[in-house]
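Visitor: This is the structure I want to talk about, given as structure tokens.
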Amino acid sequence: MPIIYCCQLELHDSLYYATREIGRLYETEAVIHNYALCYALGLVDNEVYSTTVVEEHSYRYFCPEQVPKYEEHLTPLNQQGIYVTPARAVNHTAILNTWKYANNNYHVEMEKTQRNIPSFGRAKEIAPESQFEFFVISQKPVKLPKWIRLGKWMSKAELIVQEANRINLKTGDFSFPYPLNPLDVMFIHQVVSYDVVNMPPVSLIQNISIYQGQYYELEHPNTSEKLRLPANMQYRFKA
């Protein structure tokens, strides 16, 4: 039986990443993608968790190009039996910040720019003291950091980890309200219904109903709520 950690994040800075762009508004959805959490938790390319990658795709010290390599970086987590779910907001508030790029030169020759760089806009961010929740499933004990950084501004967040007790593996119809990555669920479970959360790099699904699937039944350590977490989830990148 795997170990399941119930993790709570509390923001100590405002959190920003552009989930969607609506004109000059850059909005942050109150959901944290599981890919982002893997990097933030230090699980990627880490000798401690035996998830190192080949030097060509190394992530720890230097990235030669700004091209995501999720498959190369996350496949070692599958091999070590480590899986992180996306995080949902337990409670949160949003704040709006206006920003503007200005040129301080006395004389500026107005030339047509070659790149699409916005000169002003508004960013909708998640405010400090907002709280998120997610799960880490592991085949062996893992020690997670107390503090992590997230988002475009590398915002500081405190991580509180509690190990779930009384985990049972069962089979049947069940539902799960938290967000999940559809690539990691839909190819091993028969998903009947769900709501979509549109965000890059892979849109997430929540309020999921699954027909005759395997799940871990566990008791939430804070609320004593019975949760049914889909079993056998792994990072998948191809249909």
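The values are calculated or read from the model by the stated rules, or taken from the named source; none is laboratory data. Every value quoted in this text rests on a predicted model; they were computed, and no experiment measured them. In this analysis, Cβ positions are derived from the backbone assuming ideal geometry, glycine residues included, and neighbour counts consider all displayed protein chains.
Visitor: Looking only at segment 1-19, count every residue that is assigned to a strand (DSSP E or B) and either farther than 18 Å from HIS92 by Cα or within 14 Å of the chain's Cα centre (by Cα) (or both) and tell me the total.
Guide: 8
Visitor: Restricting attention to segment 203-216, report how many residues are in contact (Cβ under 8 Å) with a residue 40 or more places away in the chain and surrounded by fewer than 17 Cβ atoms within 10 Å (Cβ to Cβ).
Guide: The total comes to 3.
Visitor: A follow-up question, please. In the set HIS107, HIS57, HIS73, which member is buried (at least 18 other Cβ atoms within 10 Å of the Cβ) and either modelled with pLDDT under 95 or touching an Asp or Glu at 6+ places or on another chain (Cβ under 6 Å) (or both)?
Guide: Within the list HIS107, HIS57, HIS73, the selection yields HIS73.
Visitor: Let me ask another. Suppose the filter is among the small types (Gly, Ala, Ser) and either in contact with a Ser or Thr (Cβ under 6 Å, 6 or more places away or on another chain) or free of Cβ contacts under 8 Å to residues at least 12 places away in the same chain (or both); does SER193 pass it?
Guide: yes
Visitor: Right, another one. For segment 75-101, how many residues are of a type in the set (Ser, Thr, Tyr), over 26 Å from HIS12 (Cβ atoms) and in contact with a strand residue (DSSP E or B) (Cβ under 9 Å, 6 or more places away or on another chain)?
Guide: 2
Visitor: Right, something else. Can you spot a residue in segment 60-69 that is free of Cβ contacts under 8 Å to residues at least 12 places away in the same chain, under 29 Å from LYS124 (Cβ atoms) and among the β-branched types (Val, Ile, Thr)? Explain how you work it out, then say what you get.
Guide: Filtering segment 60-69 down to residues free of Cβ contacts under 8 Å to residues at least 12 places away in the same chain leaves 61-67.
Those left that are additionally under 29 Å from LYS124 (Cβ atoms): 63, 66-67.
Adding the requirement that they be among the β-branched types (Val, Ile, Thr) leaves 67.
The answer is yes; a qualifying residue exists.
Visitor: Could you say which residue among TYR26, TYR49 is farther than 20 Å from PRO179 by Cα, in contact (Cβ under 8 Å) with a residue 60 or more places away in the chain, in contact with a Leu (Cβ under 6 Å, 6 or more places away or on another chain) and buried (at least 16 other Cβ atoms within 10 Å of the Cβ)?
Guide: Values: TYR26 fails: in contact with a Leu (Cβ under 6 Å, 6 or more places away or on another chain).
After applying the criteria, what remains is TYR49.
Visitor: Pairs, please: C-beta under 7 Å, at least 6 apart or cross-chain, first residue over 14 Å from GLU133 (Cα atoms) and in contact (Cβ under 8 Å) with a residue 60 or more places away in the chain and in segment 143-169, second assigned to a loop (DSSP other than H, G, I, E, B) and aromatic (Phe, Trp, Tyr)?
Guide: GLY151/TYR16; GLY151/TYR17; LYS152/TYR16; LYS152/TYR17; TRP153/TYR16
Visitor: Next question, about the same structure. Those residues that are of a type in the set (A, V, I, L, M, F, W, C), over 22 Å from GLU27 (Cβ atoms) and not in a strand (DSSP E or B), I need them from segment 167-225; list them, please.
Guide: If the condition is that a residue be of a type in the set (A, V, I, L, M, F, W, C), over 22 Å from GLU27 (Cβ atoms) and not in a strand (DSSP E or B), then ILE167, LEU183, VAL185, MET186, PHE187, ILE188 are the ones that fit.
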